[in-house]
Amino acid sequence: MHKAKRVSMYAFLCLAAFVSIFPFFWMIVSATNLSVDVTRGRLLPGAHLMDNLRNLTNSVDIWNALGNSAKISISTTILAMLIASLAGYGFEVYRSKAKDIVFSILLLSMMIPFAALMVPLYRMFGQITNFFPTFGIDTPAAVVIPTFTTAFLIFFFRQSTKMFPRELLEAGRMDGLSELGLFFRIYLPTMKTTYAAAAIITFMASWNNYMWPLVILQSPENQTIPLLISNLGSGYAPDYGLIMMAIVLSTIPTALVFFLMQKHFVAGMVGSVK
Amino acid sequence: MKTADSAAGSGSNTFRPSRSRRFKSGLVGWLFIAAAVLMIAAFYFYPMIQALILSFKTGTGMNLKFNGLANYERLFTDTMFLSAVSNTFIYLLFQVPIMIIFALFISVLLNDRKLKFKGFFRTAIFLPCITSLVAYSIVFKYLFAPDGLVNAFLLNIHLIGEPIQWLTHPFWAKVTIIIAITWRWTGYNMIFYLSGLQNIDQSIYEAARIDGASAVRQFFSITVPLLKPIILFTSITSTIGTLQLFDEVMNITRGGPGNATTTISQYIYNLSFEYSSDFGYAATVSYSIVIMIVVLSFIQFKVAGDRNA
């Protein structure tokens with residue numbers, strides 16, 4: 001009886017692991033096969049990886065899309081960490097009743113679905129286009145600006161700041177550091193792991209963002225990688241090998257971030273609830 | 001709990017720093033949070049006020065005029081809106097509980113101290129979270145195609161006699177969306193439960209075992225009550241996520257067949273950018289999701305009880 005229970009436990013976990021991994025396996029294997037073989041259900045690696053890559057780069061400018069996504073995600077991540085950590089630190093270290101009220105109001109923004117912001121934001125950026133075309137519709141800046149500040153990340157930094165040893169600030173003040181100096185010279189280096197976790201969360205979300213770029217970016221040369229993949233996938237006669245190649249390329253950066261920083265990643269997710 | 005004054009900090013042992021010092025440190029604190037507050041005000045709260053005004057207007061593109069409550073009345077007779085709402089609620093009622101139960105069950109299994117290959121199982125089940133919503137949606141669309149691998153497999157093991165129309169049958173298309181979302185997010189929720197389980201003292205379980213409590217009983221009498229705050233957190237985030245569902249339906253079914261899988265977010269997108277740019281009515285529909293999120297989060301808090309929440 002007891003043994004049967006353990007066997008079924010392993011069987012269930014193996015099944016769950018299989019279901020989780022199989023789509024990855026299929027997408028990688030399909031990137032090495034011709035489209036006809038993929039439709040025939042071929043599940044073995046093929047010899048057409050380079051063919052698929054060549055077909056892909058000949059039909060769409062995937063390097064440009066990857067570059068756009070990188071530019072947008074990296075600038076979003078840097079700005080997000082700077083603004084959110086300053087605020088999280090400010091709310092916790094210079095705590096006051098008034099600031100706590102402001103903080104709870106900021107948290108309300110987490111309840112606002114992006115779909116509700118989409119229309120007014122689009123109209124705002126329509127107006128911005130008239131005065132500052134470089135920040136207006138169909139520019140990478142317009143993707144970054146409304147998305148990099150999130151109440152979630154401010155909350156995350158505030159929670160982590162609760163663990164920060166305040167004595168370090170006192171010591172810094174004795175040494176004559178300014179308030180801003182304390183933040184950059186003492187807080188920032190001490191909180192490296194928090195920054196790492198925040199960077200991963202923000203980078204992943206930005207790299208994968210679809211709805212806002214879909215609304216605000218229009219010309220093909222500004223396309224980000226999710227937009228390009230969505231377009232490839234909506235065709236009527238899909239070239240499976242080519243599309244899977246594109247999907248694999250788009251997943252490599254996030255997979256690398258995940259495997260290199262797995263510990264921070266999980267710590268970051270969980271830290272935010274505690 | 002630390003007080004504001006000790007945080008503002010004077011090096012000495014006085015309980016209150018001098019008045020000017022307090023004023024200065026108060027001002028410095030506001031400067032630290034200023035940028036974030038301005039950004040959130042400009043890109044969340046200001047647009048929501050704009051949306052509220054828009055929701056009372058009608059017209060196409062930029063030519064809008066006020067029409068009172070007409071948009072709100074239109075909601076109740078708009079069959080597209082009503083089917084988007086009912087689809088979204090079907091996803092919510094089936095997908096969120098299924099996923100939470102799976103995630104809880106798997107995390108309880110993974111928390112077993114004698115389990116081997118724990119790291120492998122955990123990483124494998126978490127892996128779907130690294131894909132972008134668009135990328136996995138396209139993969140699922142092909143796997144669930146009429147001649148796709150899922151049908152081929154089910155036909156092969158003789159579970160079905162003919163291919164299931166996963167993408168073009170109103171019922172099965174919803175099932176496909178639910179399967180896809182569950183695949184993507186179960187591992188994500190599992191991580192939260194695993195960390196919660198690690199904080200539960202093992203001796204509670206030992207005591208229960210000595211008292212003769214079965215594994216099922218232990219699960220419902222110990223695990224679930226102790227994880228309640230985390231279950232509440234995950235069910236609220238999942239509810240908010242499901243109410244905003246967009247990327248998957250756009251890329252797997254395009255909302256079809258007919259409107260069988262359309263969600264509210266997708267309907268807002270269609271109203272604004274696919275049909276005739278009816279921004280006013282789109283804003284009205286937007287407010288309906290905001291209200292639903294607020295009401296549902298409130299109900300979940302109440303149902304979970306205020307003790308732990």
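If a/c stays under 1.5 just call it rounded; otherwise compare a/b with b/c (prolate if a/b is bigger, oblate if not). Do that for the protein assembly as shown, with a ≥ b ≥ c from the square roots of the Cα gyration tensor eigenvalues.
The shape class here is oblate.
Per residue of A:19-30, how many C-beta atoms from partner chains lie within 10 Å of its own C-beta, taken as a mean?
Counting Cβ atoms of other protein chains within 10 Å of each residue's Cβ and averaging gives 5.
Ranking A:ILE137, A:ILE154 by Cβ neighbours within 10 Å, fewest first, what do you get?
Sorted ascending by nearby Cβ count, the order is A:ILE137, A:ILE154.
For chain A, calculate the relative contact order in percent as a whole number, restricting contacts to Cα pairs under 8 Å that are 6 or more residues apart.
Over chain A, the number comes to 31 percent.
On average, how many beta carbons from a partner chain sit within 10 Å of the beta carbon of a residue in A:246-253?
Partner Cβ neighbours, averaged per residue: 3.
Based on other C-beta atoms within 10 Å, arrange B:THR284, A:THR190 from fewest to most.
A:THR190, B:THR284
For peptide A:5-11, compute the average count of partner chain beta-carbon atoms within 10 Å of each residue's beta-carbon.
The per-residue average across the peptide is 2.
Post the alpha-carbon centroid distance, region B:218-261 to region A:22-77, in whole angstrom.
Value for the Cα centre distance between the two parts: 30 Å.
With springs only between Cα atoms under 10 Å, which of A:ALA47, A:ALA196, A:ALA17 fluctuates most in a Gaussian network model of chain A?
With Cα springs under 10 Å in chain A, the top fluctuation among A:ALA47, A:ALA196, A:ALA17 is at A:ALA17.
What ranking of A:HIS264, A:HIS2 emerges when the number of other C-beta atoms within 10 Å of each C-beta is taken as an exposure proxy, fewest first?
A:HIS2, A:HIS264
A short reminder: the numbers here are calculations on the coordinates, not readings from a lab. In this text the structure is predicted, and so the values were computed from the model without any measurement. Note: ideal-geometry Cβ built from the backbone for every residue, glycine included; neighbour counts use all protein chains shown.
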